[in-house]
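I have placed the structure first, in the form of structure tokens, so that the comments after it can refer back to it.
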Amino acid sequence: MGRSFIGTFGLVLLSIAALWVADVFLANVEKTETHAQAVRLFDEGQTLRQRGENAQAIERIEDALAIERTNRWYLQSLADAQVAAGRNSDAQATLAELLDTDSTDGFACLLMGRIAAKEGEFGTAVSYFHRAIYGHWNDHESDNRQRARFELIDYLAEHNSKEELLAELLPVEEHAPKDLKSRLRLGQLLLLAGSPGRAADVFRGIVRDEPANAEAHAGLGEADFARADYRGAQRHFEEALRIAPNDGNTRRHLEVCSEFLALDPMRRGLDPQERYRRSLKLLELTSAEVDKCITKNQPPEVEALLDKAASAQTAHVKAARQGESAEANLDLAEQLWQLRKRECKAAAPSDTPLALVLARLGQ
Amino acid sequence: MIAKLRHSLERLRANEDQLALVLSVLIGALVGLVVVAFILLTGRLAAHMYPAGGAGWRRILVPVLGSLATGYLLWKYFPFARGSGIPQTKAAIVISDGRITMRTVLGKFFCCSASLATGIALGREGPSVHVGAGLASVVARNLGLTPKQVKALVPAGCSAALAAAFNTPIAAVLFSLEEILGDMHATVLGSVVISAATSWMVLHLVLGDEPLFHVSGYQLVHPGEFGVYAVLGVVGGLGSVCFVKLLLNLRIWFARLPKKTVWLQPVAGGLTVGLLGFFVPEVLGVGYDYVEKVLNGNIVVQLVVLFAVLKIIATAVCYASGNAGGIFGPSLFIGAMIGAAVGGVAHSLFPAYTAGPGAYALVGMGTAFAGIVRTPLTSVIMIFEITRDYTIIVPLMISNLIAFFISQKLQPEPIYEALEHQDGIHLPTAQSRAQAAKVQVQHAMRAAPALLLGEDMAHVHPDQSLSLALERMGEFGLNVIPVVSRANAHQLIGIVTLEDALHAYGVSK
């Protein structure tokens, strides 16, 4: 009996050892086979995604994930497909799973940022974009961070958030890619961020390298325009149009510049007659603008000013008094413009030559 | 060295408590490894039977051939390996001192692997319990332990098996006590816990730490949801009763068929599941993959209702026709589908006040388990362990209890008891055991004749249970046992004869 007890004990221990080996072998076989199956399903999902069949792609990737639940690459692709299919809440759940295990996952943060941006959650979107910029990326970290930053920059530009946009552009400026396209984009964005001086530096650098680059000349024109240097702007726009005569946008800018310069009564070197003529023109344009805007039940104050403007336009002024009258006309035009701003529901356009001249007068 | 080891083992053998402890660990490890092998083998076989993109005809042919082959093997070589194994395990503990043969263990392991891999709509957990119990029995008997020690180790094998099969160690312990032993205060609690823990550790070492289902965190959205969960309890309870009644009636129908068809009967299950699976592949096998999808809320209400109905039919026919496999897994599938259907309807009616259908599928699993297997406590803990989601536990308890009471009302006899009765086995119920425990030695004792008590003579005290007196008589091969005072072991108070004891239980010889 004693031998049986010890023998059985030994046999049980041996069985445990043998079963352990068998189990580990079987587990490895299963791991290999299920991994292959997961890879196949995932590849099918990716192919379907490329074909734009996002719903089927999601199913395949989910099947792959059911086999390899912790595969972050699969989870990231699933979230990407869900965003593409417009299933934002599903994507958020998938991304939350990713962020639960690694809150610094750059890709997950970027997608979260995109979803928040789509849903109009500005603060959340900016926060996630920032987390994506400073987060962890599996590969091409620097490129991906740059990509995330440019997405944020585009988003801020879209929302005209100038200060935040400039704050994002400044770090990019030094390390930005040196290719022409990126430099042009940087210049445009700096313009949008309200930093025409920096934008002009960027465009000037491009013109130095490529004197025949129309976009850079146009950019320089816009930078000068933004700094109210309309003569410089006109010169750059003309140069841009000389290189690319069919650029409609630059042509429009040039027209505005030319009209401004033709209308500006403060331009240095104007003789009193010309200044008087321009003041009359300004008064006429301003009155027309007010008339167009306030058509019915004009308040007495408006009526009085319009009458005054009409009298000024028909009045015969002697040459000696034209300087004094020009000042009065300009003052009247400015009053009418202020009145228009106050009384009209529709905001006054800020980029017309008239608005620009009156803005300068206001300064 | 060997002599020293031999000496240590001999010493271990002499100390009953230490031996029980060591054997619990060994049985836990052994059973855990066998169950892991069972899971892996079944999974791999199934993957080869149904390769990705395989033709539709496979879904008919494979289960038919599988059930034909296993049906023959079960009939010819392993007659005790049919069905789930839970009733057989209970019967072995109560009737035959925990004796389960190695042949049954092997038959259960291989026939079940083949059945489940071919898509038979049964589960692996019940058979695992039978295999675990069988291994514990084989090891204990081969070590030359007493019948009492063998009986004490069998529940340890059960809990080890369930802990590994479901990855639910606490539920495994509870199930062994609640269902297998029918006694929550059983003295074998220590070995049951140790073996479950050991087996669970083995599972984690080999397969890693993954719950059976991955579920998003669900919680109660609005207090009004308790009403919907109560409705789920009612629907789940009714669904459970339908399933149990269908299975039992089909089993009676199959039992009435000529004896010579027994080997062929499992094919009825294979053919049913094959035909259903040809059109609806989700019916094949245990269907845990689909359960996980449903738990995560990916459902169409009409489809989950269809799946629940088809699974009830497929599982009932497969089991009743004599295939090897259990009903735990199918219970979870059916429950998840019923829950998802109720949740889907509720969510479409009251989207702001109810959670998604996934939450209801989760509670539905516990509900069907409580309604079918009738172990409400185990089912709550099991769902918690399977999903590791604690937040939904209160609705789960409410729903489970409602399903349990409805099932008890409409189908008074629990499924495992009914299956035993169909096989002509009448085991003591939990109620009858509690009643029997109340009968004490003094109720059956008669006056003592002049008798000299030896130091080591078997005896009982008057306030001890009569069942203990019977156990001691059986252990020492006596027809009569002396009753001695607790104050003085040499003071003979009376005697109990076997006839007296049976008479006290209302059984006349």
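Numbers below:
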read-out	value
Dimensionless Rg/Rh of the stretch B:1-160 - Kirkwood Rh, Rg from C-alpha atoms	1.09
Computed [θ] at 222 nm, helices only, for the protein assembly as shown once each DSSP H run of length n ≥ 4 contributes -39500 (n - 2.57)	-24000 deg cm²/dmol
Ellipsoid equivalent to the stretch B:346-387 - semi-axes via the Cα gyration tensor, in Å	24, 11, 6
Crossing angle, helix A:272-293 versus chain A [Cα axis fit, 0-90 degrees, rounded to tens]	60
C-alpha long axis of helix B:102-117 to longest principal axis of chain B, angle in °	10
Distance between the stretch B:62-98 and the stretch A:135-157 - C-alpha centres, whole angstrom	62
Amide proton proximity set for A:HIS136, modelled H, under 5 Å, gap of 5+	A:ASP105, A:GLY106
Test item: A:4-16 mean partner chain Cβ contacts at 10 Å	6
Net length gained if the chain between B:LYS148 and B:ALA14 were fully extended (0.36 nm per residue, minus Cα distance)	46.7 nm
Kirkwood Rh (inverse of mean 1/r, distinct Cα pairs), the stretch B:84-185, angstrom	13.4
Alpha-carbon Debye profile of the stretch A:239-325, log10 I(q)/I(0) at 0.16, 0.23 Å⁻¹	-0.79, -1.08
Cβ crowding within 10 Å averaged over residues, with A:204-212, B:343-351, B:228-236, B:164-172 ranked highest first	B:164-172, B:228-236, B:343-351, A:204-212
Intensity falloff of the stretch B:277-429 expressed as log10 I(q)/I(0), Debye formula with alpha-carbon point scatterers, at q = 0.17, 0.20 Å⁻¹	-0.98, -1.28
Largest to smallest accessible area among B:PHE405, B:PHE78, B:PHE175 [probe 1.4 Å]	B:PHE405, B:PHE78, B:PHE175
Principal axis dimensions, largest first and in whole angstrom, of the protein assembly as shown by Cα	157, 61, 60
Amide H within-cut-off set for B:ALA121, under 5 Å, with H built and near neighbours excluded	B:GLY285
Principal-axis tilt of helix A:230-243 within chain A, Cα atoms, nearest 10 degrees	60
Rg and Dmax of chain A, Cα atoms only, in Å	34.2, 140
Scattering profile of the stretch B:246-338 at q = 0.25 Å⁻¹ [log10 I(q)/I(0), Debye over alpha-carbon scatterers]	-1.26
Residue-averaged beta-carbon neighbours from other chains (10 angstrom radius) around B:30-39	4
Paramagnetic label zone (point 7 Å from Cα along Cα-to-C-beta, A:CYS344; backbone N under 14 Å) in the stretch A:276-292	A:283-292
Gyration tensor over alpha-carbon atoms, the stretch B:197-311, equivalent ellipsoid semi-axes in Å	32, 23, 16
Residues of the stretch B:369-406 with amide N under 13 Å of the 7 Å Cα→Cβ point at B:VAL309	none
Whole-Hz couplings from phi, Karplus 6.51/-1.76/1.60, listed for the stretch B:250-258; x for Gly and Pro	5, 5, 5, 4, 5, 5, 7, 5, x
Share of Cα-Cα pairs in the stretch B:154-225 lying beyond 20 Å, as whole percent	39
Whole-angstrom Cα spans of chain B along principal axes, big to small	80, 54, 51
Accessible-area value, A:SER15, 1.4 Å probe, nucleic acids and ligands omitted, Å²	40
Spacing of the two label points (7 Å from each Cα toward its C-beta) at B:ALA487 and A:ALA320, in nm	14.9
Stokes-Einstein D for the stretch B:99-244, Kirkwood Rh over Cα pairs, 20 °C, 1.002 mPa s (µm²/s)	124
Charge dipole (chain A, unit charges on Cβ, about Cα centre) - positive-most of A:LEU306, A:VAL12, A:ALA66	A:LEU306
Dipole magnitude of chain B, debye to nearest 20 (Cβ charges: Lys/Arg +1, Asp/Glu -1, about Cα centre)	1280
Cβ charges +1 (Lys, Arg) and -1 (Asp, Glu), total dipole of the stretch B:181-264, debye	820
The stretch B:281-350-the stretch B:374-390 distance, computed between alpha-carbon centres (Å)	18
For peptides B:8-19, B:126-137, B:27-38, A:282-293, sequence by mean Cβ density within 10 Å, most packed first	B:126-137, B:27-38, A:282-293, B:8-19
For chain B, accessible area per residue (1.4 Å probe, heavy atoms of protein chains only), Å²	42
Isotropic mean projected area of the C-alpha convex hull, the stretch B:1-84 (nm²)	9.5
Centre separation in Å (Cα based) which lies between the stretch B:23-44 and the stretch B:128-145	13
Cut-off under 5 Å, modelled amide H: who pairs with B:ILE493 long-range	B:VAL483, B:VAL484, B:SER485
Check: the stretch A:1-147 dipole with +1 on Lys, Arg Cβ and -1 on Asp, Glu Cβ, in debye	140
Square roots of 5 times each gyration tensor eigenvalue, C-alpha, the stretch B:233-284, largest first, Å	24, 19, 5
Shielding score for B:285-297, defined as the mean number of other chain Cβ atoms within 10 Å	1
Summed buried accessible surface, chains A and B, 1.4 Å probe, nearest 100 Å²	2700
As computed over the stretch A:153-215, the Cα convex hull volume per residue (Å³)	75
A:ALA244-B:ALA47 pseudo-label distance in nm [points 7 Å out on the Cα-to-Cβ vector]	5.7
Approximate spin-label separation A:GLU255-B:GLU210, in nm, with each point projected 7 Å along Cα-to-Cβ	6.7
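The values are calculated or read from the model by the stated rules, or taken from the named source; none is laboratory data. All values derive from a computational prediction rather than experimental measurement. So basically every Cβ, Gly included, is an ideal-geometry build from the backbone, and we count neighbours across all protein chains shown. Accessible surface areas use protein heavy atoms only, side chains included; no ligands, DNA or RNA. Shrake-Rupley method; radii C 1.70, N 1.55, O 1.52, S 1.80 Å.
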